[in-house]
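The values are calculated or read from the model by the stated rules, or taken from the named source; none is laboratory data. Only a predicted model underlies this, so the values are computations on that prediction, with no experimental measurement involved. Surface accessibility is based on the protein's heavy atoms, side chains included, excluding ligands, DNA and RNA. Shrake-Rupley method; radii C 1.70, N 1.55, O 1.52, S 1.80 Å.
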Amino acid sequence: MGSPAQMAVLFVFAACAFAGGFALRIADPVVLAVAGDFGVSAATAALLGTGFAVPYAMAQLFLGPIGDRYGKLQCIRVCSVGLAAALVLCALAPAFGLLLSARAVAGVFGGGLIPLVLASLGDRYGMQERQVMIGRMLFAIISGQMLGSMVGGAVGEHAGWRSALAAAAAVGVLAAVAARRAVGLEGRQARGR
């Protein structure tokens with residue numbers, strides 16, 4: 001299955017993949033509340049989904065090759081920190097334009113995590129284990145998407161849309177902390193070889 005260090009890195013990958021999926025769907029249930037708070041139409045507020053999803057998809061095209069060039073784990077760290085920072089900005093946004101922009105930035109960083117995590121699995125696991133590990137990552141991504149919608153709806157209903165986005169920010173911050181620790185773990189392993 002892997003050494004404890006490999007399992008720790010796998011956990012970090014799963015946390016980052018989960019955070020990206022969670023952030024993707026968190027705003028869907030709170031669109032009407034956002035529209036009401038900012039005085040925009042529901043159709044305009046619904047752009048929060050598209051504003052995240054399009055950059056999320058587009059980032060996957062270029063952040064994978066950037067990870068090949070500069071190091072996948074380092075890029076995972078940068079993307080997780082960028083995602084967390086953008087999600088914090090989403091929760092604090094004083095205007096709809098800033099919220100939409102922050103969602104787009106979060107989409108870039110969240111989308112970048114997916115190819116970087118999957119490519120890193122390919123680097124770490126042989127063909128016999130690789131499909132199982134990819135399946136686990138897909139589980140983390142899909143779980144994040146499903147729970148993002150559920151948490152967004154439940155928290156948004158009881159505590160407001162800002163609290164729902166703050167929940168996504170908290171998940172992003174936890175993933176960023178985990179990614180930072182993983183970079184340190186990888187560095188110690190490399191020096192120990």
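Rank Ala182, Ala33, Ala45 by mean-square fluctuation in a GNM of the chain with C-alpha springs under 10 angstrom and give only the top-ranked residue.
For the chain, modelled as a Gaussian network with Cα springs under 10 Å, the answer is Ala33.
What percent does the relative contact order of the stretch 1-116 come to when contacts are Cα pairs within less than 8 Å and at least six residues apart?
Dividing the mean separation by the residue count of the stretch 1-116 yields 35 percent.
Heavy atoms only, probe 1.4 Å: what % of the accessible area of the chain goes to carbon and sulfur, would you let me know?
Of all accessible area on the chain, carbon and sulfur atoms account for 68 percent.
Remind me, what semi-axes does the chain give for its equivalent ellipsoid, largest first in whole Å, using sqrt of 5 times each Cα gyration tensor eigenvalue?
31, 15, 14
Under the definition of Cα pairs under 8 Å and six or more residues apart, what whole-number percent is the relative contact order of the stretch 8-61?
31
Excluding ligands, DNA and RNA, what is the solvent-accessible area per residue of the chain at a probe of 1.4 Å, expressed in Å²?
Roughly 46 Å² per residue, with all protein chains present.
Rounding to the nearest 10 and keeping the result within 0 to 90°, find how far the Cα-based axis of helix 161-192 lies from the longest principal axis of the chain.
Rounded to the nearest ten degrees, it is 10.
Translational diffusion coefficient of the stretch 86-192 at 10 °C, 1.306 mPa s, Stokes-Einstein with Kirkwood Rh over Cα pairs, in µm²/s as a whole number.
Value of D from the Cα-based Kirkwood radius: 101 µm²/s.
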